[in-house]
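Structure below; questions to follow.
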Amino acid sequence: MRFTPAPLKGAFIIDLQRHEDERGFFGRAFCEREFQGHGLSTPMVQTNVSFSKEKGTLRGMHYQAPPHEEAKLIRCTRGSIYDVIVDVRPDSSSFLEWMGVELSSENGRMLYVPEGFAHGFLTLEESAEVAYQVSEFYTPGSERGIRYGDPEIGIDWPGEVRVLSDKDRTWPAFERSDAVEQ
């Protein structure tokens with residue numbers, strides 16, 4: 001795996017090192033030693049899969065409040081998505097900054113999202129499937145979200161949002177009191 005520090009502190013873009021032959025390729029998508037070598041949280045306790053039928057489906061922007069913050073390792077296993085994270089740590093030098101990266105089954109790229117970040121994605125084609133590992137169990141009472149079009153954050157989505165859950169549609173704008181203390 002190749003770890004590239006992302007523009008937001010603690011986040012990494014991770015590319016598979018593909019070993020190809022006539023059958024296709026082999027690549028490691030997770031190695032605890034390599035993750036620890038980059039100072040990344042490695043106790044992944046849950047793996048989630050999300051399937052979206054339609055292009056333009058937006059899921060997000062989600063995070064969990066303390067003490068249940070979660071790191072995530074995101075990978076698109078079918079189709080493609082525009083994956084976005086927002087730093088909601090008030091003491092961070094990148095507080096309320098966002099970044100986006102295209103993840104696809106073709107490029108095999110992953111995004112490591114540290115604790116204290118909101119996360120969401122927009123599907124760029126039909127039948128997109130996303131698999132992600134998380135470092136904390138889902139805790140409904142700690143679930144938080146930010147409106148995907150919050151003007152203070154200003155995420156520039158690369159396409160029209162066509163499908164959105166009621167919950168994601170009604171997340172409030174981010175309040176500084178919602179920040180995740182580290």
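Coordinate-derived values only; no laboratory data. Just so you know, these numbers come straight off a predicted model, no measurement behind them. Every residue, glycine as well, gets a Cβ built from its backbone with ideal geometry; the counts of neighbours run over all protein chains shown.
List, in order, the whole-Hz ³J(HN,Hα) value for each residue of region 72-81 obtained from phi through the Karplus relation with A = 6.51, B = -1.76, C = 1.60 and θ = phi - 60°; use x for Gly and Pro.
9, 10, 9, 9, 8, 9, 8, x, 8, 9
Do any chymotrypsin sites (Phe, Trp or Tyr not before Pro) in region 75-152 lie in a loop, going by DSSP, with at most 12 other beta-carbon atoms within 10 Å of their beta carbon, and if so which?
Listed in order of number, the matching sites are F137.
If I model a spin label as a point 7 Å beyond the Cα along the Cα-Cβ vector, how far apart are those points for R144 and E175 in nm?
Going from the R144 label point to the E175 one covers 1.1 nm.
Run the simple label-point estimate for E22 and E125 please: 7 Å along Cα→C-beta, distance reported in nm.
Between E22 and E125, the simple spin-label model gives 2.8 nm.
Please state the charge dipole magnitude for the chain, taken about the Cα centre, from unit charges on C-beta atoms (+1 on K and R, -1 on D and E), reported in debye and rounded to the nearest 20.
In total the dipole reaches around 260 debye.
Still on this structure: DSSP loop trypsin sites (Lys or Arg not before Pro) in region 51-130 with at most 12 other Cβ atoms within 10 Å of their Cβ, which ones?
K53
Something else now. How many nm is it between the label spots at L164 and T4, if each spot is 7 Å from the Cα in line with the beta carbon?
Going by the 7 Å Cα→Cβ label model, 3.0 nm.
Let me ask something else about it. How large is log10 I(q)/I(0) at q = 0.16 Å⁻¹ when the Debye formula is applied to the Cα atoms of the chain, each weighted equally and without solvent?
Log10 of I(q)/I(0), two decimals: -0.98.
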